[in-house]
Amino acid sequence: MKIYGEELHLKTNGFSDIHDITQEVAEIVEQADVAEGLANISAIGSTASISTMEFEPALAQDIRDNLEELAPKDKPTRHGDTWGDDNGFAHIRSTLMGPGITVPIHHGRLVLGTWQQIVAIDHDNRPRDRRVFVQVIGQ
Amino acid sequence: MKIYGEELHLKTNGFSDIHDITQEVAEIVEQADVAEGLANISAIGSTASISTMEFEPALAQDIRDNLEELAPKDKPTRHGDTWGDDNGFAHIRSTLMGPGITVPIHHGRLVLGTWQQIVAIDHDNRPRDRRVFVQVIGQ
Amino acid sequence: MKIYGEELHLKTNGFSDIHDITQEVAEIVEQADVAEGLANISAIGSTASISTMEFEPALAQDIRDNLEELAPKDKPTRHGDTWGDDNGFAHIRSTLMGPGITVPIHHGRLVLGTWQQIVAIDHDNRPRDRRVFVQVIGQ
């Protein structure tokens, strides 16, 4: 069995800013030299999420608009009132969507649809240096 | 270590059509001949999701109704306006729920509750031949 | 390769009662004696979820309030009307959030942010003895 992990670093703008990280994950899978296995992609921190989508700007804005309806950024939260950091909405979005995903590796490649990219979404209310861990396991 | 993967094919109707795939996943786990491990179940494409539920028709309709409130099928989206395929809601639902789940295998069986089934949900706006990849890893 | 799994038992109050299980998961990772790998944490049953959050009481209440807006506990459901158990909202929340997460293990430790805890959320409408399975795989 082989296990190989690496940390990605992203400059993000917050408010559910979405970054396509498919190529970076694919390069780690290549480094791992695994034909069959799993790649786990996990956001480090409590105000970000990982998912997949057809990565194109119109849909990215649709997803941001939808998250704004499900957990509005200007709606007061107990978390914001208690800690004064005004990012309760970001925590709620992150917990709802979950911190990570696991994608199969088959014939040495990530199993994804043609228009399906792996994305990191930063929900926080300010620019950040965001860390994402990719752990590959297989043989 | 053993790794064994297989692709499932489903005929789906879209609009968050829900299919119980527990038996198909269990058969792949049996093929994998693994006593302890993990089974990853991932939808291929950007308009479907995998989750678990008590699979019965009343609840399936409740979940569809709820998704319709969270991301209505008739609400205009930039994605639909840009590409003309009118399935922005399906992409939003898929990204929100995530593309896949990982279920533990213990004593050779999927670790699930008695009334907990693995389901594939197709959110797209038309019938499709949907692919789901199941990757089992363990020993 | 090493695989080690254990079942956690929690006394929960329902209505999206949130429990920090990070320490319990970390102890299982230690038992597994794995330097690099993955830890899968899965709720057993169809009315609970696993995710991560900054575990503090104000945010826990914010998350409960938000889930109450997304899937209100007093809104009639077909599931409740059919089976008379009045917990349709709990099933909807569970399917939406998903049954489990997978967290990387690196240098023998769970890869989490400083203010990021692993939580089990019981959405059901009554106190329960809730089971969570933790499966660790790695080397």
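Quick note: the coordinates plus some simple rules give every number you see, no bench work behind them. Computed from a predicted structure; not experimentally measured. For neighbour counting, all protein chains shown are included, and Cβ atoms are generated from backbone atoms with ideal geometry for every residue, glycine included.
Averaged over the residues of peptide C:56-67, the number of Cβ atoms from other protein chains lying within 10 Å of each residue's Cβ is 6. Dipole magnitude for segment C:1-118: computed about the Cα centre from +1 point charges on Lys and Arg Cβ and -1 point charges on Asp and Glu Cβ, it is near 300 debye.
With angles folded into 0 to 90 degrees, how steeply does helix B:88-97 sit against the dominant principal axis of chain B? Use alpha carbons for both and round to 10. Value to nearest ten degrees: 30.
Relative to the other identical copies, B:Asp33 shows label-point distances of 2.7, 2.7 nm, where the label point lies 7 Å from Cα along the Cβ direction and values run shortest first. Distances between equivalent label points of A:His9 across the copies, with each point positioned 7 Å along Cα→Cβ, amount to 4.7, 4.7 nm, shortest listed first. Each other copy places its own label point for A:Pro72 at 1.6, 1.6 nm from this one, sorted shortest first, where the point lies 7 Å along the Cα-to-beta carbon line.
With R₀ fixed at 22 Å, the C-beta to C-beta distance from B:Glu69 to A:Gln61 puts the FRET efficiency at about 0.60.
Restricting the calculation to Cα atoms, segment C:39-139 shows an Rg/Rh of 1.03 when the hydrodynamic-style radius is the Kirkwood one. Say the cut-off is 25 Å between C-alpha atoms; which of A:Lys75/C:Lys75; B:Lys11/C:Lys75; A:Lys11/B:Lys73 go over it? Cα-Cα > 25 Å for B:Lys11/C:Lys75; A:Lys11/B:Lys73; rest within. Counting only other chain Cβ atoms within 10 Å of each residue's Cβ, the peptide A:124-136 averages 2.
For A:Asp17, the residues whose modelled amide H falls within less than 5 Å of its own, excluding neighbours fewer than 5 places apart on the same chain, are A:Asp122.
Here the Karplus relation 6.51 cos²θ - 1.76 cosθ + 1.60, evaluated at θ = phi - 60°, turns the backbone of segment B:68-82 into coupling constants of 5, 6, 6, 8, x, 5, 9, 6, x, 10, 4, 4, x, 5, 6 Hz, with x for every Gly and Pro. Here the relative contact order of chain B, from alpha carbon pairs under 8 Å that lie six or more residues apart, stands at 53 percent.
The label-point distance for A:Trp83 and C:Asp33, in a model that sets each label 7 Å from Cα toward Cβ, rounds to 3.7 nm. Residues whose amide H lies under 5 Å from that of C:Ala48, counting only those 5 or more places away or on a different chain, are C:His123; hydrogens are built 1.01 Å from N in the peptide plane. Coupling constants for segment C:106-122 follow from the phi torsions by the Karplus curve (6.51 cos²θ - 1.76 cosθ + 1.60, θ = phi - 60°), and in residue order they are 9, 6, x, 10, 4, 7, 9, x, 4, 10, 10, 10, 8, 10, 9, 10, 9 Hz; glycine and proline get x. Take each peptide in A:91-98, A:69-76, count the other Cβ atoms within 10 Å of every residue, and average; sorted highest first, the result is A:91-98, A:69-76.
Counting only other chain Cβ atoms within 10 Å of each residue's Cβ, the peptide A:3-11 averages 3. Cα centroids of segment C:50-108 and segment A:97-115: 25 Å apart. Across segment A:11-26, computed HN-Hα scalar couplings (Karplus, 6.51 cos²θ - 1.76 cosθ + 1.60, θ = phi - 60°) run 8, 10, 9, x, 6, 6, 5, 10, 10, 6, 10, 4, 5, 4, 5, 4 Hz from first to last residue, x flagging Gly and Pro. Placing dummy labels 7 Å off each Cα toward the beta-carbon, the span from A:Lys2 to C:Asp129 is 4.6 nm.
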